[in-house]
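> I am attaching a structure below and will ask some questions about it afterwards.
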Amino acid sequence: MKLKEALEIMSQGGSSLLIPVKMGFFIMIRPVEPGSFKTPSVPAKVRQDKDWLPECDFECRPVEVTVDGWRPLKELQENWVQWGVDAHDLDRDTYMVV
């Protein structure tokens with residue numbers, strides 16, 4: 001499954017998505033209400049070209065994942081920030097849905 005399909009599934013219910021950065025460290029992505037940010041997370045051109053269904057926006061933060069669960073890396077990024085989707089991101093196949 002490509003990232004496009006995973007994001008569409010994730011946007012329908014309480015899932016988050018993890019994109020690996022380094023062993024044990026990930027970027028956690030979660031859906032938020034549309035219009036939460038000044039500009040959409042998925043540009044209109046990408047929505048149109050890739051036949052994108054979800055209307056939600058996305059936010060992210062770096063996390064560490066251990067056997068005990070996950071914890072935000074507040075020393076790197078204190079709060080959730082907008083995550084922008086580019087056309088090449090949608091074909092990515094290295095991620096985990098949690």
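> Quickly run through region 60-95 and pick out the residues that are touching a helix residue (DSSP H, G or I) at 6+ places or on another chain (Cβ under 9 Å) and not in a loop (DSSP other than H, G, I, E, B). Step through it out loud before you land on a result.
Within region 60-95, the first condition is being touching a helix residue (DSSP H, G or I) at 6+ places or on another chain (Cβ under 9 Å), and the residues that meet it are 85-87, 89-95.
Answer for region 60-95, where residues must be touching a helix residue (DSSP H, G or I) at 6+ places or on another chain (Cβ under 9 Å) and not in a loop (DSSP other than H, G, I, E, B): ALA87, ASP89, LEU90, ASP91.
> Kindly evaluate ARG61 against the criterion of being touching a Phe, Trp or Tyr at 6+ places or on another chain (Cβ under 6 Å) and within 18 Å of LEU17 (Cβ to Cβ).
Taking the combined requirement at face value, the residue satisfies it.
> Determine if region 30-45 includes at least one residue that is under 13 Å from the mean Cα position of the chain (by Cα), touching a residue at least 40 places away in the same chain (Cβ under 8 Å) and within 17 Å of MET1 (Cα to Cα).
No, there is no match, as no residue in region 30-45 is under 13 Å from the mean Cα position of the chain (by Cα), touching a residue at least 40 places away in the same chain (Cβ under 8 Å) and within 17 Å of MET1 (Cα to Cα).
> For region 6-52, how many residues are open to solvent by less than 70 Å² (accessible area, probe 1.4 Å) and assigned to a helix (DSSP H, G or I)?
So the count comes out to 6.
> Also, quick follow-up: Quick check on my filter: what residues within region 72-98 are under 11 Å from the mean Cα position of the chain (by Cα) and open to solvent by 80 Å² or more (accessible area, probe 1.4 Å)?
Matches in region 72-98: MET96 only.
> Could you list, in sequence order, the residues of region 53-71 that are hydrophobic (A, V, I, L, M, F, W, C), under 21 Å from GLU5 (Cα atoms) and open to solvent by 80 Å² or more (accessible area, probe 1.4 Å)?
Scanning region 53-71 gives a single hit, LEU53.
> PHE58 fails exactly one of the following numbered conditions: (1) closer than 16 Å to SER11 by Cβ; (2) more than 13 Å from the chain's Cα centre (by Cα). What is the number of that condition?
All conditions are met except number (2).
The values are calculated or read from the model by the stated rules, or taken from the named source; none is laboratory data. Bear in mind the structure is a predicted one, so any value in this text is a computation, not a measurement. No Cβ is skipped: glycine too gets one built from the backbone with ideal geometry, and neighbour counts run over all protein chains shown. Heavy atoms of the whole protein, side chains included, go into the accessibility calculation; ligands, DNA and RNA do not. Shrake-Rupley method; radii C 1.70, N 1.55, O 1.52, S 1.80 Å.
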